[in-house]
Amino acid sequence: MIVIKSQADIEKMRVSCWAAAEVLQAVAALVQPGVTTAQLDAAAGDLIKKYGGKSPFLGYKGFPCHTCISVNEEVVHGVAGKRRIQYGDIVSIDVGIVLNGYVGDNATTVAVGVIEPRTQQLLDVTQQALVAGIAAARVGNRVGAISHAIQTTVEAQGFSVVREFVGHGVGKRMHEDPQIPNFGRPGDGAKLKPGMTLAIEPMINAGVSEVQMLADGWTVVTADGQPSAHFEHTVLVTEGDAEILTWLKKSPFESKAR
Ligand code: MG
């Protein structure tokens with residue numbers, strides 16, 4: 001069942017999404033050669049606490065970190081640890097926050113210095129796919145319109161869509177209906193209605209679409225070892241353009257993150 005958010009729900013979602021966006025931006029700014037993924041995760045944990053929130057990831061089915069930090073060939077759900085970021089890496093950071101009972105969810109992929117041209121193209125394409133997906137999140141369309149827009153954007157430029165992991169509705173729970181695959185046909189899935197809040201999150205590979213799970217039971221890597229990118233926004237479906245709730249245009253906070 002897809003939850004349609006009331007105006008009161010939406011106001012709470014705005015706050016949790018702004019906080020999630022501010023924490024993501026602050027953690028992304030800490031990415032530099034030499035820093036460990038554990039240090040980035042600890043900083044995120046401290047910031048989430050400063051905002052009065054909690055990480056919805058920590059303890060989720062036993063997940064051990066506040067954030068998911070996935071480097072290079074790691075696709076999603078990377079477990080932070082001793083790995084040191086190196087010049088030329090790409091680092092995907094997924095930050096969620098539960099605040100006032102509502103979840104905000106967003107992710108970005110950061111380039112560490114100058115990266116391989118093909119990898120830079122991967123980042124560009126994944127962002128373009130997210131934009132295309134958000135543009136398709138309109139009343140009158142179905143969920144599949146989002147999926148189709150992402151898939152066609154990505155595949156037209158020779159990149160591939162991860163099939164095993166999908167976007168999702170988000171609200172009181174981190175994962176609500178509907179599932180939002182990053183591939184599909186425009187006629188698939190539920191009709192979009194005002195008041196739906198959706199986490200749209202293309203996970204895109206430079207090489208093959210297949211992925212594998214590492215022995216830690218969490219970290220997902222590309223089957224061919226080529227890099228993968230991940231960008232995510234939480235959006236609100238409206239009568240007009242979808243509103244990006246995790247966009248830092250006017251924060252209600254005196255930023256605690258910077
Ligand atoms: Mg998500």
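A few points about this structure:
- Semi-axes of the equivalent ellipsoid for the range 159-254, Cα gyration tensor, largest first, Å: 27, 17, 13
- Selection of trypsin sites (Lys or Arg not before Pro), the range 146-183, meeting DSSP coil and at most 13 other Cβ within 10 Å: ARG163
- Calculated FRET efficiency, VAL3 to ALA29, Cβ-Cβ distance, R0 = 41 Å: about 0.80 to the nearest 0.05.
- Of LYS50/LYS191; LYS50/LYS82; LYS49/LYS191, pairs whose Cα-Cα distance is over 31 Å: LYS50/LYS191; LYS49/LYS191
- Ranked packing of 88-101, 135-148, most packed first, by mean Cβ within 10 Å: 88-101, 135-148
- Taking GluC sites (Glu not before Pro) in DSSP loop states with no more than 10 other Cβ atoms inside 10 Å as exposed sites, the chain has its longest site-free stretch at 1-238.
- Placing +1 on the Cβ of every Lys and Arg and -1 on the Cβ of every Asp and Glu, with nothing else charged, gives the range 128-228 a dipole about its Cα centre of roughly 580 debye.
- Judged by the mean number of other Cβ atoms found within 10 Å, the most tightly packed of the peptides 29-38, 47-56 leads the ranking 47-56, 29-38.
- FRET E, pair GLN121, LYS172, Förster distance 35 Å, beta-carbon r, rounded to 0.05: 0.40
- Range of Cα positions in the chain per principal axis (Å), largest first: 45, 42, 32
- Between THR238 and THR152, residue separation times 0.36 nm minus the direct Cα-Cα distance comes to 28.6 nm.
- Set of aspartates and glutamates near LYS172 by C-alpha distance (under 19 Å), chain-local residues within fewer than 8 positions excluded: ASP9, GLU11, ASP94, ASP105, GLU201, GLU232, GLU243
Every number in this text was worked out from the coordinates using simple rules, so none of it is lab data. Owing to the predicted nature of the structure, the values given are computational and were not obtained by experimental measurement. Note that each Cβ is placed from the backbone with ideal geometry, even for glycine, and that neighbours are counted across all protein chains shown.
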